[in-house]
1. Identify the residue in region 163-186 that is in contact with a Pro (Cβ under 9 Å, 6 or more places away or on another chain) and not polar (S, T, N, Q) and, among all such residues, is nearest to Ser238 (Cα to Cα).
2. Can you name every residue in region 271-304 that is touching a Phe, Trp or Tyr at 6+ places or on another chain (Cβ under 7 Å) and of a type in the set (A, V, I, L, M)?
3. If you check Gly154 against the conditions, is it assigned by TED's automatic domain parsing to the domain that holds Ser374, part of a helix (DSSP H, G or I) and not hydrophobic (A, V, I, L, M, F, W, C)?
4. All but one of (1) in contact (Cβ under 8 Å) with a residue 60 or more places away in the chain; (2) touching a Gly at 6+ places or on another chain (Cβ under 7 Å); (3) hydrophobic (A, V, I, L, M, F, W, C) hold for Leu61; state the number of the condition that does not hold.
5. Report whether or not Ala190 is within 27 Å of Tyr75 (Cβ to Cβ), touching a Ser or Thr at 6+ places or on another chain (Cβ under 8 Å) and buried (at least 20 other Cβ atoms within 10 Å of the Cβ).
6. Return a yes/no flag: does region 141-150 have any residue that is in the same structural domain as Leu249 (by TED's automatic domain parsing), at pLDDT below 95 and touching a helix residue (DSSP H, G or I) at 6+ places or on another chain (Cβ under 9 Å).
7. Just the residues that are within 24 Å of Ala66 (Cα to Cα), polar (S, T, N, Q) and free of Cβ contacts under 8 Å to residues at least 40 places away in the same chain, please, taken from region 86-125.
8. Taking Ala97 as the residue in question, decide whether it is closer than 28 Å to Pro40 by Cβ, of a type in the set (Gly, Ala, Ser) and in contact with a strand residue (DSSP E or B) (Cβ under 6 Å, 6 or more places away or on another chain).
Amino acid sequence: MADQDARSGEDKRPTEIPALRWEEPPEGPVLVLLDQTRLPAEEVELVCTDASALVEAIRSLAVRGAPLLGIAGAYGVALAAVRGFEVEEAAAALAGARPTAVNLAVGVRRAQAAHQEALARTGDTRQAAAAALAAARTLHRQDAEASARMAAHGLALLDELLPAGGHRVLTHCNSGALVSGGEGTAFAVALAAHRSGRLRRLWVDETRPLLQGARLTAYEAARNDMAYTLLTDNAAGSLFAAGEVDAVLVGADRIAADGSVANKVGSYPLAVLARYHHVPFIVVAPVTTVDPDTPDGASIEVEQRPGYEVTEVTAPQVPVTGAGGGIPVAPLGTQAYNPAFDVTPPELVTAIVTEEGVVSPVTAEALAELCARSRQVTIS
C-alpha cells in the first residue's frame with residue numbers, strides 16, 4: 001500500500017500505481033518506482049533496495065521530473081540510513097545524478113540534514129534513520145500540498161489573462177502526477193481548468209527525443225478524460241500562426257535568481273514563439289525549484305544526454321539493434337547534440353506560478369521576495 005502520510009494531499013491519480021512509494025516488506029525497506037521508461041505500454045514497477053539502484057533509475061529516467069526527483073532523493077538518503085549503508089556517500093551520489101534538476105539536491109540535503117542532526121543529538125543510528133525517513137515523508141506531503149496550491153494559483157492566472165474562457169493550452173514534456181507527490185505543476189493547472197469546465201483543448205508537444213509528451217502527458221491526459229491533441233514539436237509554430245494557442249504552460253527543473261528558467265529542451269523555442277504571437281508563456285514550479293545560488297541562466301549547468309537517444313528510437317516490445325538499445329535512425333557513427341534542457345530568459349516569461357503565489361513580471365527582486373516569504377511561512 002502507498003504511504004498514507006505522503007499521499008494525504010492527493011484526491012486522485014491518473015493511474016492506480018503511484019509514481020513513487022516507500023514500502024517495508026519483511027526483507028527490509030524499499031523504494032518502489034513506477035518505471036516511466038515503460039509507459040504507456042506497460043505499468044511496471046522497479047524496486048530499489050539501495051541508493052545505487054535509485055541513482056541508476058534517476059539517470060535512466062525511470063523516475064524523473066524536478067519535484068519527484070527531490071522526493072526520491074530524500075527517500076534515497078533514508079533508504080541508505082535505514083539499511084545501514086554509508087549515508088554521506090549515498091547522498092553525494094544521489095545529489096549528482098542529474099545536475100540541472102535543483103530539487104534533487106534539495107531533497108537529498110533535507111533528509112541528510114535531518115539524519116545528521118538526529119545522529120549528533122542522540123548518537124543512535126536507528127533514530128537518525130527514522131529522522132531521515134520522516135523528512136522524506138514530510139517533503140512528499142508538502143509537495144502534494146504545493147501542487148494543489150499551484151493549480152489554484154495557475155487557474156486564477158489563466159482566468160485573469162484569458163477572461164473569455166475556453167482555454168487552449170500548449171504544454172511541453174510532462175509535468176503531471178508522474179513528476180510530483182500530487183497532481184503536478186503545469187499539468188495540474190491544465191487539469192484544474194479541465195475539471196472546472198474551462199479547458200477547451202490541451203495541446204501536447206511530443207517532446208523529442210524521448211517523447212515524454214507523447215508517452216507520459218498524453219497518458220495522463222487520457223486517464224483524466226481531458227480533450228487533448230498530440231503534435232510534433234516542430235508543428236507548434238503552425239498552431240501559433242493559426243491562432244490556436246491561448247497560453248503555454250511548462251514546468252521547470254531550475255529557476256535562477258534572475259528568473260531564467262531551465263526546462264526540458266524545446267521550451268525556449270516555445271517562449272520565443274509565444275512572445276512573437278503575444279501568447280502568455282507561464283512557468284509553474286514549486287519554490288524549491290528557485291535556486292538563489294545560481295545567479296543567472298548562463299550559470300545553470302545543462303545536462304548533456306547520450307547521443308544514442310537522438311540517433312536511435314525505442315519502442316516497447318520491438319527488436320532492437322542499436323548500441324543504446326534502440327532502432328538506429330541515423331548512419332553508424334553519427335554525432336548527436338543532445339542537451340536535456342534549454343534556458344529561457346526571464347524577459348520571455350510572462351509569469352512564474354508557485355505554491356506561494358505568482359511572480360509577474362519576472363524579476364530577481366520579485367523572486368527573492370517570494371523566496372523570503374516562503375521561508376517565513378515554513379519557519380512559522
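1. Here the answer is Gly176.
2. Ala271, Leu273, Ala274, Val279, Val302
3. So Gly154 fits the description; yes.
4. Among (1) in contact (Cβ under 8 Å) with a residue 60 or more places away in the chain; (2) touching a Gly at 6+ places or on another chain (Cβ under 7 Å); (3) hydrophobic (A, V, I, L, M, F, W, C), the lone unmet condition for Leu61 is (2).
5. Criteria not met by Ala190.
6. So far as region 141-150 goes, no, none of its residues is in the same structural domain as Leu249 (by TED's automatic domain parsing), at pLDDT below 95 and touching a helix residue (DSSP H, G or I) at 6+ places or on another chain (Cβ under 9 Å).
7. The answer is Gln112, and nothing else.
8. Numbers: closer than 28 Å to Pro40 by Cβ: yes; of a type in the set (Gly, Ala, Ser): yes; in contact with a strand residue (DSSP E or B) (Cβ under 6 Å, 6 or more places away or on another chain): no.
Here the answer is no, as Ala97 does not meet what is asked.
The values are calculated or read from the model by the stated rules, or taken from the named source; none is laboratory data. Quantities reported herein were computed from a predicted structural model and do not represent experimental measurements. FYI the Cβ positions are ideal-geometry reconstructions off the backbone, even for glycines, and counts take in every protein chain you see.
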